[in-house]
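Here's the structure, in structure tokens; my notes come after.
The values are calculated or read from the model by the stated rules, or taken from the named source; none is laboratory data. Note that the structure is predicted; figures quoted are calculated from it, not measured. When we count neighbours, we look across all protein chains shown, and the Cβ atoms used for this are built from the backbone with ideal geometry, even at glycine. With ligands, DNA and RNA removed, areas are computed over all heavy atoms of the protein, side chains included. Shrake-Rupley method; radii C 1.70, N 1.55, O 1.52, S 1.80 Å.
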Amino acid sequence: GEDVEQSLFLSVREGDSSVINCTYTDSSSTYLYWYKQEPGAGLQLLTYIFSNMDMKQDQRLTVLLNKKDKHLSLRIADTQTGDSAIYFCAVRRDTGRRALTFGSGTRLQVQP
Amino acid sequence: NAGVMQNPRHLVRRRGQEARLRCSPMKGHSHVYWYRQLPEEGLKFMVYLQKENIIDESGMPKERFSAEFPKEGPSILRIQQVVRGDSAAYFCASSPAGRAMGTGELFFGEGSRLTVL
């Protein structure tokens, strides 16, 4: 089965870069996602990457994928206090189960 | 274009009562997923449904939990004889079908927070 792991907590200063890491076990994971959850709210998709890509950049967000090590990271440049939230990594196979498998989430705290 | 709608947002039940959580997917979406988030934990997959069909219920507890997505109306997650350990946030997500699945992302509702006293 799939297993997705993340560190639980990250604290950065406003203006610094944040890097949130994720590892997964299923090498057939084809689609990989980063979701953001603010307190008391649902999950919003931030960005995604296909397994045939190494990197994707979207404004302040950079996603890096190392397929060999099954490692995914999300870099947030110029982190703002509004970025404080829980960030979830999620993976999905192209076939079989359509549901996403989520990591436990990384709580990002941005200090002014 | 309304997003995924869940109700109630908050539900309080006493042990032994029943909880019913409803989810209306986004317009044009025919796939519904239910996830559970325990306090300070990630999301755990429960069940994946299409209209009138349960496609994958591998994450559903074997007893007391059931889900349906009828031809008309919202999807319902039903928990019978609730216990304190059922206290959690229950999230519904939806996606379009077939080729419209595109990137395969799921669109989430705001969640229903169940508290069992």
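Annotations for the structure displayed:
- Scanning the range B:19-40 for residues that are in contact with a strand residue (DSSP E or B) (Cβ under 8 Å, 6 or more places away or on another chain) and in a loop (DSSP other than H, G, I, E, B) turns up B:Pro25, B:Met26, B:His29, B:Ser30, B:Leu38, B:Pro39.
- Taking strands (runs of 3 or more DSSP E) as the structural unit, those lying wholly within the range A:1-95 and holding at least 3 residues that are touching a residue at least 24 places away in the same chain (Cβ under 8 Å), in contact with a Gly (Cβ under 8 Å, 6 or more places away or on another chain) and within 30 Å of B:His10 (Cα to Cα) correspond to A:4-6, A:85-93.
- So B:Val12, is it more than 9 Å from every other protein chain (Cβ to nearest Cβ) and open to solvent by less than 30 Å² (accessible area, probe 1.4 Å): no
- Close pairs from the range B:48-60: first within 12 Å of chain A (Cβ to nearest Cβ), partner surrounded by fewer than 14 Cβ atoms within 10 Å (Cβ to Cβ) and of a type in the set (A, V, I, L, M), Cβ under 8 Å, at least 6 apart: B:Gln50/B:Ala97
- Where strands (runs of 3 or more DSSP E) fall entirely within the range B:47-117, those with at least 1 residues that are under 15 Å from B:Arg36 (Cβ atoms) and under 12 Å from the mean Cα position of the chain (by Cα) are at B:65-68, B:75-79, B:88-95, B:112-116.
- The listed residues are B:Glu57, B:Glu18, and the only one of them that is farther than 20 Å from A:Glu38 by Cβ and at pLDDT 95 or above turns out to be B:Glu18.
- Number of positions in the range A:59-101 that are within 14 Å of chain B (Cβ to nearest Cβ) and surrounded by 13 or more Cβ atoms within 10 Å (Cβ to Cβ): 15
- Number of the condition not met by A:Ser104 [criteria: (1) outside any strand (DSSP E or B); (2) closer than 25 Å to B:Ser94 by Cα; (3) more than 10 Å from chain B (Cβ to nearest Cβ); (4) at pLDDT 90 or above]: (3)
- Qualifying residue in the range B:32-51 (condition: at positive phi, surrounded by fewer than 22 Cβ atoms within 10 Å (Cβ to Cβ) and modelled with pLDDT under 95): yes
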